[in-house]
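The values are calculated or read from the model by the stated rules, or taken from the named source; none is laboratory data. These numbers come from a predicted model, not from an experiment. We place every Cβ from the backbone using ideal geometry, glycine too, and count neighbours over all the protein chains shown.
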Amino acid sequence: MSYKNIICPVDGSELGDRALDEAIYLSKISGAKLTLLYVSEKAYKAVLMSDSNEWDSIREGWLAEGRELLLKERAKVEASGIKDCDQVLRDGEVSNEVISEAMEKGADLIVMASHRYSPVGKLFHGSVIDRVTKRSTCPVLWVFK
């Protein structure tokens, strides 16, 4: 199978790094463009929001964390020899933003880490990768520990 555009959400975790390694490998062998996606979900989940300068500062700090992670991960991608790499920062609920990015880019594949929640964990936390897989218009590669 030939891929043209691969989306890889990044979160800075060890398991997320393994998913990125798989995305890099697939991008190299297929010549696909690799899009790194970081979704800042903190503002979306925050209970108290306001239009104050303090809130804007807090939100901007969360986005700055995402930008830093994207730069770090992009350096890893470029060090592997891949030059066709985008980095995207989005703000919102992770599964919705992954699906939106994949649809906007016309992705052929999404590569994600799965943290393997227990059945009870899924009941209370849900699974981002499960929601992405159910709604995605392209295949989703699950990377496990």
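Here are some residues: LEU89, LEU37, LEU70, LEU26. Which one is within 25 Å of THR133 (Cβ to Cβ) and in contact with an Asp or Glu (Cβ under 6 Å, 6 or more places away or on another chain)? Please lay out each step first, then the result.
Numbers: LEU89 fails: in contact with an Asp or Glu (Cβ under 6 Å, 6 or more places away or on another chain); LEU70 fails: in contact with an Asp or Glu (Cβ under 6 Å, 6 or more places away or on another chain); LEU26 fails: in contact with an Asp or Glu (Cβ under 6 Å, 6 or more places away or on another chain).
Residue meeting the stated conditions: LEU37.
Take ILE82 and decide whether it is β-branched (Val, Ile, Thr), surrounded by 15 or more Cβ atoms within 10 Å (Cβ to Cβ), in a helix (DSSP H, G or I) and modelled with pLDDT of 95 or more.
Here the answer is no, as ILE82 does not meet what is asked.
List the pairs whose first member sits in the range 103-129 and is over 13 Å from GLY16 (Cβ atoms) and part of a loop (DSSP other than H, G, I, E, B), whose second member is modelled with pLDDT of 90 or more and among the basic types (Lys, Arg), and whose Cβ atoms are under 9 Å apart, counting only residues at least 6 apart or on separate chains?
Correct list of pairs: GLY106/LYS4; ALA107/LYS4; ASP108/LYS4.
Restricting to the range 4-39, and then to whatever is surrounded by fewer than 20 Cβ atoms within 10 Å (Cβ to Cβ) and of a type in the set (Ser, Thr, Tyr), can you tell me which residue is farthest from ARG67 (Cα to Cα)?
By that ranking, first place goes to SER30.
Please identify the pairs in which a residue from the range 85-101 that is over 13 Å from LYS33 (Cβ atoms) has its Cβ atom under 9 Å from the Cβ atom of a residue that is at pLDDT 95 or above and aromatic (Phe, Trp, Tyr), counting only partners at least 6 apart or on another chain.
Qualifying pairs under 9 Å: LEU89/TYR38; ARG90/TYR38.
Please state which of the following conditions ILE58 fails to meet, knowing it meets all the rest: (1) under 14 Å from SER40 (Cα atoms); (2) under 13 Å from the mean Cα position of the chain (by Cα).
(2)
Each row is one residue, and each column tells you yes or no for (1) over 15 Å from the mean Cα position of the chain (by Cα); (2) part of a loop (DSSP other than H, G, I, E, B).
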residue	(1), (2)
ILE6	no, no
GLY12	no, yes
ASP21	no, no
VAL39	no, no
GLU54	yes, no
ALA64	yes, no
LYS76	yes, no
VAL88	no, no
